[in-house]
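Structure, as structure tokens:
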Amino acid sequence: MPKKNQTLGEFIIENQSDFPYSSGELSRLINSIRLAAKVVNHEVNKAGLVDIIGAYGETNVQGEDQQKLDVYANNKFIQTLTNREIVCGIASEENDDFIQIEGHKGDHQNKYVVLMDPLDGSSNIDVNVSVGTIFSIYRRVTPMGTPVQLEDFLQPGNRQVAAGYIIYGTSTMLVYTTGHGVNGFTLNPALGSWYLSHPDMKFPENGQIYSINEGNYVHFPQGVKDYIKYCQEEKGDRPYTSRYIGSMVSDIHRNMIKGGIFMYPKSSKASDGKLRLLYECNPMAYLTEQAGGKASDGFKRILDIKPTELHQRVPFFCGSKKMVEKAEEFMKKAEYGS
Ligand code: P6P
């Protein structure tokens, strides 16, 4: 049983048995992520002080202006994961294609691949709103000792061995799962250590917060419009509260603590929504389910979707189980009439 205020290092050692097929690599992988997170946190926290904010002048594969911190965070995580020689491949929101990591002496004994959004919500950097890193870890499926292939990355989310996020907010937290529940660690920047502040995190089964960009209301499918009206109706425990930060990690983190639903549906402007399946929705869905919540595309479980492209997008409904089920009810009624 996790003990509050345990350090992350102590926690990983005590829970080594959680990784029966790993001779320590997964623990070392989590350790390398926490190291990179500390370095990125240091830069994020002083973003306003040095000439590191503002558009980098390039655009990423999503056609979005790259903030310098995006590039910095991407480089730091890639560098740390590469130097520790634990992974055979990395895919990132900031890179068009996946990165092949050469095993030392070419023996490719590294069995994990990592997919990540190195700095999600980066458009909030200049306005001092919290941002996050999201990561997802799989075992490779192609033979050890050969170069990693695209199929190593295009695995359904139900094959993840670990997933998590770092939230750079009023405090910096690392929240992750290896399939045995969700635990949250808070960084003490003075000591550079992470402490177990949120053991065994659980999504409240119901909630009264809904998170969606209502500015897109006119573009939403009818089922989403009907669910928003349901949230706003004065009846029983409603109207709910609308809370939308515009940084998915922050919105879902708040909802996991207080109860709530986060939605980024498809719309007439974005036929598959905006959020990416592999390194945003799958890891957040895995964490959500491990914490007792639910995550779907409005109709089917996110973790069962078979990916076809590295940067594919998917509509996303994620949070308290009963709220997601109610939203799905409206989606199905509008789509199928029942
Ligand atoms: P919109 C940030 O850019 C992000 O990818 C998510 O973190 C966030 O939930 C969403 O986009 C916000 O998008 O269109 O509402 O500004």
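Laid out as a table, the results:
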{"read-out": "Helices (runs of 4 or more DSSP H) fully within the stretch 194-302 counting 2 or more residues that are within 19 Å of residue 132 (Cα to Cα) and not assigned by the TED database to the domain that holds residue 116", "value": "248-258, 282-290"}
{"read-out": "Filtered residue count, the stretch 141-174, keeping only those that are part of a loop (DSSP other than H, G, I, E, B), touching a Cys at 6+ places or on another chain (Cβ under 8 Å) and modelled with pLDDT of 95 or more", "value": "0"}
{"read-out": "Complete set of residues in the stretch 188-222 that are within 16 Å of the ligand (Cβ to nearest atom) and of a type in the set (Gly, Ala, Ser)", "value": "211, 215"}
{"read-out": "Extreme residue, farthest from the ligand (Cβ to nearest atom), among residues of the stretch 234-256 that are among the aliphatic types (A, V, I, L, M) and touching a Ser or Thr at 6+ places or on another chain (Cβ under 8 Å)", "value": "256"}
{"read-out": "Hits in the stretch 175-190 (condition: buried (at least 16 other Cβ atoms within 10 Å of the Cβ) and part of a strand (DSSP E or B))", "value": "175, 176, 177, 182, 183, 184, 185, 186, 187"}
{"read-out": "Test: residue in the stretch 133-149 that is farther than 21 Å from residue 277 by Cβ and within 15 Å of the ligand (Cβ to nearest atom)", "value": "no"}
{"read-out": "Every pair of residues 6+ apart whose Cβ atoms lie under 6 Å, when the first sits in the stretch 117-142 and is in contact (Cβ under 8 Å) with a residue 40 or more places away in the chain and among the hydrophobic types (A, V, I, L, M, F, W, C) while the second is in a loop (DSSP other than H, G, I, E, B) and within 12 Å of the ligand (Cβ to nearest atom)", "value": "131/121; 131/247"}
{"read-out": "Within the stretch 155-184, tally of residues that are hydrophobic (A, V, I, L, M, F, W, C) and within 14 Å of residue 257 (Cα to Cα)", "value": "4"}
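The values are calculated or read from the model by the stated rules, or taken from the named source; none is laboratory data. These numbers were taken from a predicted model, which means no experiment stands behind them. Neighbour counts run over all protein chains shown; Cβ positions are idealised from the backbone, glycine included.
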